[in-house]
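**Student:** Pasting in a structure now, in structure tokens, and then I'll have a few things to ask.
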Amino acid sequence: MYQSPLNDAHRLVMRRLLEHRREAAEAASSVRGDDVDRHVPATLDPDTVPWGVVGDGSEPTCEIILDFGELEAEYAALRRASAIFDRPDRAVIEIAGSDAEDLLERLVTNAFVGVAADVVRAFLLARTGRIIADLVLIRREGRVLVELDRSDAGRVVETLEGFVFAEDVEILDHAEGRHRMDLLGPESPAIIDALCGETPRGGHAVDLRIDDVAATVFALDSGTGSPVGEPGFGLIVDRADAMVVWNRILATTPSGRRPVRAIGWNACNIARLEAGTPLFHLDFGPDALPHETGLIEERVSFKKGCYPGQEIVARMESRGRAKRRVVGLRSTTDALPVAGAQVFDAKEGVSTQIGVVTGSTVAPMRGAAVIGLASVRASHTSVGTPVLMSAEGELVPAVVTGFDFEIPGEGDQGEAPE
């Protein structure tokens with residue numbers, strides 16, 4: 001299992017948080033003069049969750065931080081200021097050589113060669129059209145960095161190597177040697193500029209130095225927006241340099257800006273659900289076809305040359321319909337479904353299951369409305385379709401939406417309809 005080089009940094013964040021709580025408790029007791037026990041524990045490790053468990057008996061690929069004990073403040077930092085998020089769940093592969101771009105052009109679903117953007121998102125498919133991996137391709141001088149879920153790194157390296165014959169290509173697996181982190185939030189461009197003097201715009205990347213450390217910084221914003229609905233940047237550094245970069249970012253506060261705050265998965269996940277961003281292995285998996293993901297326009301070009309699985313994708317496009325698709329759901333009650341909750345036809349009820357919830361949250365940006373993503377049958381993917389879903393031990397009504405979670409006729413009123 002991959003161990004984040006920032007584990008000591010995470011414990012330091014918790015230690016400073018506990019020190020702050022201890023000072024606040026002592027101040028409260030001093031002011032009030034009471035004997036209320038405001039004991040604060042001496043140590044506390046941040047909560048983590050295994051990532052990438054693929055079956056019974058399988059080990060997770062890593063552990064990811066859930067939060068540092070103050071979820072509301074972490075979410076607020078992402079929305080109003082800037083937040084740094086450790087990404088041990090992501091890995092990096094490098095494809096070097098003069099034929100690197102041509103190789104990828106022949107293998108992935110999106111156009112890459114000749115595209116103006118440095119950063120392109122695409123699927124790598126099996127010949128059956130099923131998804132092997134969801135990739136972020138980052139073009140650099142003489143090489144391409146492939147950023148992806150750590151769970152998929154080994155298979156992707158093996159797949160790529162199987163297509164190399166006489167090409168000038170070297171495939172380097174940096175899953176253990178490079179580390180990823182995200183800087184997110186409306187003030188993140190100012191932080192990057194203060195650190196490096198250069199900020200990549202949407203769809204682009206730069207190689208630069210943070211103090212004496214080499215880093216590749218790429219914009220998470222693309223033509224369809226940011227995965228969390230706020231400006232953001234991915235950083236790729238050598239594993240040995242991760243702690244230096246993490247500490248430097250936390251210590252950087254440009255004039256008029258608020259300090260960067262460390263956040264975990266919970267805050268990031270709320271924001272990505274509000275932004276309507278499906279994730280591989282969560283909202284769709286290796287059994288899915290591109291048309292079933294809700295990401296066909298962002299990940300697939302129908303103007304490029306051949307690639308493995310293209311015939312399947314083209315056939316499904318010509319028929320105009322997949323058997324299922326990831327959609328948005330907006331509840332009309334306060335009951336919160338969990339991932340895996342069943343979704344049913346509104347008229348036929350529990351006799352006709354039409355899908356499953358893949359992720360949900362109470363959305364601060366939607367007036368605390370319950371929203372989520374779900375994979376449902378094609379017959380129920382039209383925006384405005386009423387459905388039922390299991391939530392908190394009962395069946396509750398919900399409405400199928402796009403990834404903006406707008407209910408037809410309601411508009412964005414900031415709260416869930418009655």
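**Student:** Output the Kirkwood hydrodynamic radius of the chain, Cα pairs only, in Å rounded to one decimal.
**Tutor:** Radius from the Kirkwood sum: 22.9 Å.
**Student:** Charges at C-beta only: +1 for Lys and Arg, -1 for Asp and Glu. How large is the resulting dipole of segment 323-418 about its Cα centre, in Debye rounded to 20?
**Tutor:** Roughly 540 debye, rounded to the nearest 20.
**Student:** Going highest first, how would you order 353-363, 304-314 by mean Cβ packing within 10 Å?
**Tutor:** Sorting 353-363, 304-314 by mean packing, highest first, produces 353-363, 304-314.
**Student:** Given a Förster distance of 60 angstrom, what is the FRET efficiency for residue 353 paired with residue 253, based on the Cβ-Cβ distance and rounded to 0.05?
**Tutor:** Efficiency, from the Cβ-Cβ distance: 0.75.
**Student:** Quick one: putting +1 on the C-beta of Lys and Arg, -1 on the C-beta of Asp and Glu, what dipole do you get for the chain around its Cα centre, in Debye to the nearest 20?
**Tutor:** My answer is approximately 740 debye.
**Student:** Provide, as a two-decimal number, the C-alpha radius of gyration of segment 102-208 over 2.2 N^0.38 Å, N being how many residues it has.
**Tutor:** Relative to the 2.2 N^0.38 Å estimate, segment 102-208 comes out at 1.18.
**Student:** Given +1 on the Cβ of Lys and Arg, -1 on the Cβ of Asp and Glu, and no further charges, what dipole in debye does segment 40-171 carry about its Cα centre, rounded to the nearest 20?
**Tutor:** I would put it at about 460 debye.
**Student:** Multiplying the sequence separation of residue 302 and residue 318 by 0.36 nm and subtracting their Cα-Cα distance, what value in nm do you get?
**Tutor:** Stretched fully, the residue 302-residue 318 segment lengthens by 4.7 nm.
**Student:** Here's a follow-up. Efficiency by 1/(1 + (r/R0)^6): what FRET value for residue 163 and residue 213, r their Cβ-Cβ distance, R0 = 30 Å, to the nearest 0.05?
**Tutor:** Efficiency, rounded to the nearest 0.05: 0.35.
**Student:** Expressed as a fraction of 2.2 N^0.38 Å, the rule-of-thumb size for a compact globular protein of N residues, what is the C-alpha radius of gyration of segment 229-377?
**Tutor:** 1.34
**Student:** Mean residue ellipticity at 222 nm from the helices of the chain, using -39,500 (n - 2.57) per DSSP H segment of n ≥ 4 over the full residue count, to the nearest 500 deg cm²/dmol?
**Tutor:** -7000 deg cm²/dmol, from helical runs alone.
**Student:** Here's a follow-up. What do you get when you divide the Cα radius of gyration of segment 323-418 by 2.2 N^0.38 Å, with N the number of residues? Walk me through the intermediate numbers first.
**Tutor:** Working: Rg = 11.8 Å, N = 96, 2.2 N^0.38 = 12.5 Å.
The value comes to 0.95.
**Student:** Between residue 334 and residue 59, what is 0.36 nm times their sequence separation minus the Cα-Cα distance? Round to one decimal in nm.
**Tutor:** On the way: separation 275, 0.36 × 275 = 99.00 nm, distance 3.56 nm.
Between residue 334 and residue 59, full extension yields 95.4 nm more.
We did not get these values from a lab; they are worked out from the coordinates using the rules stated. All values reported here derive from a predicted model rather than from experimental measurement. Neighbour counts are summed over all protein chains in view; Cβ atoms, including those assigned to glycine, are modelled from backbone coordinates with ideal geometry.
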